[in-house]
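Novice: Below you'll find the structure I mean.
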Amino acid sequence: MLNISKLSKTFSPNSQFERHVLNGLDLELKDGEFVTIIGSNGAGKSTLFNAICGSILPDSGAITLNGRDITLMPEHKRAKFIGRVFQDPMKGTAPSMTIEENLALAYSRSRKGILSTAITRKDREFFKASLAEYGMGLEDRLTTKLSLLSGGQRQVVTLLMCTIVTPELLLLDEHTAALDPAAAEKIMEITNSIVSKNHLSALMITHNIKSALSTGDRTIMLDAGKIIIDLSGEERAKMTVDQLLHLYSEKKKLELDEDSILFS
Amino acid sequence: MQLYITALQEGLLYGLLAVGIFISLRMLNIPDLTTESSFGFGAAAAAVTAAAGHPILSLPVALVAGALAGFVTGLLQTKLRVHPVLAGIITMSGLYSINLIVMHNTPNLPLGDNAIFKLLYACFELSAIQKKILGAVVSAVFCVIMLIILIRFFKTQLGLCIRATGDNPEMVRASSINVHAVKITGLCISNALVALSGALIAHYSGYSDIHSSNGTLVYGLAAVIIGEAIFGRRGVTLGLISSVLGSIIYKIIVTFVVQMNLFGDYSATLMKLMCAVIVAITLSIPAIREKRQNRYNGKERGENA
């Protein structure tokens, strides 16, 4: 499935602002695995996503997706098999276009010629049925402009756009963080159902440790551009938020000790 | 009356210019200054082709010429990352020389008997007013056909991509669409229409002039804005149609001003200034409105306190 090996990225190299954001990161994702990612600010979570999507290119290392090396592939090409939902609900949709036009943009790209009609009656029926599943009342508002929708509704449309043609990998970049608690819960619910229904492989960044442990089937913690904690199975099921934080501070201490030995 | 029929015909022919500007300005969200010379480029290319004895062929030639101009601007502002406004200015000033070269180094090239409208009138025996009516009808039919093609086009997959690119390029990239290619295509289409408009005006007036493209951008803006002021900003289909209607209305207003001699001897001279003032006022309305809405109303508060 997804295989990341020795991925490194340094921002502003050879200057006083030099920062190693990714530090030889290794990650392997099994088919259909739903992994949640936590880590403090600057740990490299978003940079990892950017490298997978191609918005930045890594300095070294390799990313392969289903046997295909995508490390240096242009962003719009790999977008064919990677779906990404951003934190900002404005980012994933075109505000002055209608719901059906947005969906059509995501849906038809892989199946039609560029000069064929974008929305046929059949497409419209399909969009309606897909939206109806989420019970947000969006199925009756196909011709409403996106700019008139709430943040939560926009994220639903974005989620559907990302998964309407089943992607090989779904990236969720704190996609509920900008929403109110009720909407966030609803979107998480929808996310879970989409992921399990389509048997998607997904990575989700979150700042909410509790939901990181309860969602999906594996949790990793990033720190200074590396994975320092990797939990799955029973170990993860038993883990509480406090224990995880405790584990984190112990790991950090250990690392500091190693460093102090190194530099002494 | 005759004057207004002429205004109608001119409004229709310039309407395609307005549509081109609507595409670059409203859909792609780029103030494209290329129009300031692609209009003349279309006119020059058409005049040369027509003068060589191919009046009908001159229209597709103009389309290609305009698309080329748009392509250069598009290339500059996407792949070479030149600021969009500067990219337009660069193409514009470069094209000035090219237009002169195309027109065999003369600032004014007559089409002679090969102007489409002249050929059309020659087919029938018509009085002066009948000629004007026929010209207006033919122009209207041509405009409607172009509009239908465009409206259909912007409902296709590529059409949606162009619209989304102006709206949210990041999302378009995330939908596995090449943003640069789409932007360039959009600019090609926009400038092709502008050049076609220039070609038709050359056929209409019987000559191509090197200065014919002066002020085209502001004219197009005025037409788009008048259209929006009257018919509202509701969707692409309506936007395309209202740009043409805005152009017609603008021409009629101008005719009215000149005919009534509202500004005395300066009526015709003041046209460009009027155009600029209309555009400036309309563009600043949102800011003025916002300011008025945000004004702190001390009086009401005093009553409540």
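Novice: Could you tell me which of the pairs B:LYS118/B:LYS272; A:LYS91/A:LYS238; A:LYS122/B:LYS79; A:LYS91/A:LYS122; A:LYS77/A:LYS128; A:LYS128/A:LYS238 are separated by over 30 angstrom between their Cα atoms in the structure shown?
Specialist: With Cα atoms farther than 30 Å apart: A:LYS91/A:LYS238; A:LYS122/B:LYS79; A:LYS128/A:LYS238.
Novice: Contour minus end-to-end for A:ASN198 and A:ARG68, with contour as 0.36 nm per residue of separation and end-to-end as the Cα-Cα distance?
Specialist: Length gained, A:ASN198 through A:ARG68: 44.7 nm.
Novice: Something else now. At 0.36 nm per residue, and after removing the present C-alpha to C-alpha distance, how many nm does the segment from B:SER97 to B:ARG81 gain when stretched out fully?
Specialist: Separation in residues times 0.36 nm, less the Cα-Cα distance, equals 3.4 nm.
Novice: Using only the heavy atoms of the protein chains and a 1.4 Å probe, how would B:VAL48, A:VAL195 rank by accessible area, largest first?
Specialist: B:VAL48, A:VAL195
Novice: How many percent of the accessible area of the protein assembly as shown is carbon or sulfur, using a 1.4 Å probe?
Specialist: 59 percent
Novice: Moving on to the next point. How large is ³J(HN,Hα), in whole Hz, for each residue of the stretch A:151-157 in order, when computed from phi with the Karplus curve 6.51 cos²θ - 1.76 cosθ + 1.60 and θ = phi - 60°, using x for Gly and Pro?
Specialist: Each residue's phi maps through the Karplus curve to give x, x, 5, 5, 5, 4, 4 Hz.
Novice: Under a GNM of chain B (C-alpha, springs under 10 Å), which listed residue has the highest mean-square fluctuation: B:ARG295, B:ARG234, B:ARG163?
Specialist: Maximum among the listed residues: B:ARG295.
Novice: Sticking with the crude label model, points 7 Å out along Cα→Cβ, report the distance from B:VAL137 to A:MET1 in nm, one decimal please.
Specialist: 7.0 nm
Novice: Dividing the Cα convex hull volume of chain B by residue count, how many Å³ per residue is that?
Specialist: 170 Å³
Novice: Work out the mean other chain Cβ neighbour count within 10 Å for the residues of B:141-147 and drop it here as an integer.
Specialist: 0
Novice: Separate question: Just to confirm my numbers, what's the Cα centroid distance between the stretch B:218-297 and the stretch A:79-101 in Å?
Specialist: The distance from the Cα centre of the stretch B:218-297 to that of the stretch A:79-101 comes to 34 Å.
Novice: May I ask you to find the residues of the stretch A:90-104 that are shielded by at least 20 Å² of accessible area once the whole protein assembly is considered instead of their isolated chain (probe 1.4 Å)?
Specialist: Checking the loss per residue gives A:LYS91, A:ALA94, A:PRO95, A:SER96, A:MET97, A:GLU101.
Novice: What average count of beta carbons from other chains do you get within 10 Å of the Cβ of residues in A:77-89?
Specialist: 2
Novice: P(r) for the stretch B:1-154: what percent of alpha-carbon pairs falls in each 10 Å bin, starting at zero?
Specialist: Pair shares across the bins are 10, 32, 35, 18, 4, 0.
Novice: Considering the Cα positions of the stretch B:86-172, please state its Rg to one decimal place and its Dmax as a whole number of Å.
Specialist: 20.2, 58
Novice: A further question on this structure: Give me, ordered by chain and number, the residues 5 or more places off A:GLY24 or on other chains with an amide H under 5 Å from its own placed amide H.
Specialist: For A:GLY24, whose amide H was placed from the backbone, the distant partners under 5 Å are A:LEU7, A:SER8, A:LYS9.
Novice: Quick one: what are the phi-derived ³J(HN,Hα) couplings along the stretch A:242-256, Karplus 6.51/-1.76/1.60 with θ = phi - 60°, whole Hz, x for glycine and proline?
Specialist: Going residue by residue, I get 4, 4, 5, 5, 4, 4, 4, 5, 5, 4, 4, 4, 4, 4, 4 Hz, with x marking Gly and Pro.
Novice: Within the stretch A:2-110, which GluC sites (Glu not before Pro) sit in a loop by DSSP and count at most 12 neighbouring Cβ atoms inside 10 Å?
Specialist: Those that pass, being in a loop and sparsely packed, are A:GLU18.
Novice: Using unit Cβ charges (K, R positive; D, E negative) and no other charged atoms, how large, in debye to the nearest 20, is the dipole of chain A about its Cα centre?
Specialist: The calculation lands at about 1020 debye.
Novice: Using amide H atoms built 1.01 Å from N in the peptide plane, name the residues 5+ places from A:GLY39, or on other chains, whose amide H lies under 5 Å from its own.
Specialist: Under 5 Å from the amide H of A:GLY39 lie the amide H atoms of A:LEU222, each far enough along the sequence or on another chain.
Novice: For A:ALA178, what charge total do you get from the other residues with a beta carbon under 12 Å from its beta carbon, if Lys and Arg give +1 and Asp and Glu give -1?
Specialist: Overall, the nearby charge balance is -2.
Novice: Am I reading the B/A interface right? What is its buried accessible area, both sides, 1.4 Å probe, to the nearest 100 Å²?
Specialist: Buried area (both sides, nearest 100 Å²): 2000 Å².
Novice: Using helices alone, what [θ] at 222 nm do you get for chain A, with -39,500 (n - 2.57) per DSSP H run of 4 or more residues, divided over all residues and rounded to the nearest 500?
Specialist: Helix-only estimate at 222 nm: -11500 deg cm²/dmol.
Novice: On each of the three principal axes of the Cα atoms of the protein assembly as shown, give max minus min coordinate, whole Å, ordered largest first.
Specialist: Principal extents (Cα only, largest first): 96, 66, 51 Å.
Novice: Taking H placed 1.01 Å from N in the peptide plane, check which residues at least 5 places from A:ARG218 or on another chain put their amide H under 5 Å from its amide H.
Specialist: A:PHE34, A:THR36
Novice: How large is the accessible surface per residue of the protein assembly as shown, computed with a 1.4 Å probe and reported in Å² as a whole number?
Specialist: With the other protein chains kept in place, the protein assembly as shown gives 48 Å² per residue.
Novice: Moving on to the next point. If you average the sequence gap of Cα pairs under 8 Å that are 6 or more apart and divide by the length of chain A, what percent do you get for the contact order?
Specialist: Relative contact order here is 26 percent.
Novice: Go ahead and set up a Gaussian network model of chain A, Cα springs under 10 Å, then flag whichever of A:ALA104, A:ALA177, A:ALA132 fluctuates most.
Specialist: Result for chain A, Cα springs under 10 Å: A:ALA132 fluctuates most.
The values are calculated or read from the model by the stated rules, or taken from the named source; none is laboratory data. Because the structure is a prediction, the values reported are computed rather than measured. Please note: Cβ atoms are built from the backbone with ideal geometry, for glycine as well, and neighbour counts cover all protein chains shown. In case anyone asks, the SASA skips ligands and DNA or RNA and just uses the protein heavy atoms, side chains included. Shrake-Rupley method; radii C 1.70, N 1.55, O 1.52, S 1.80 Å.
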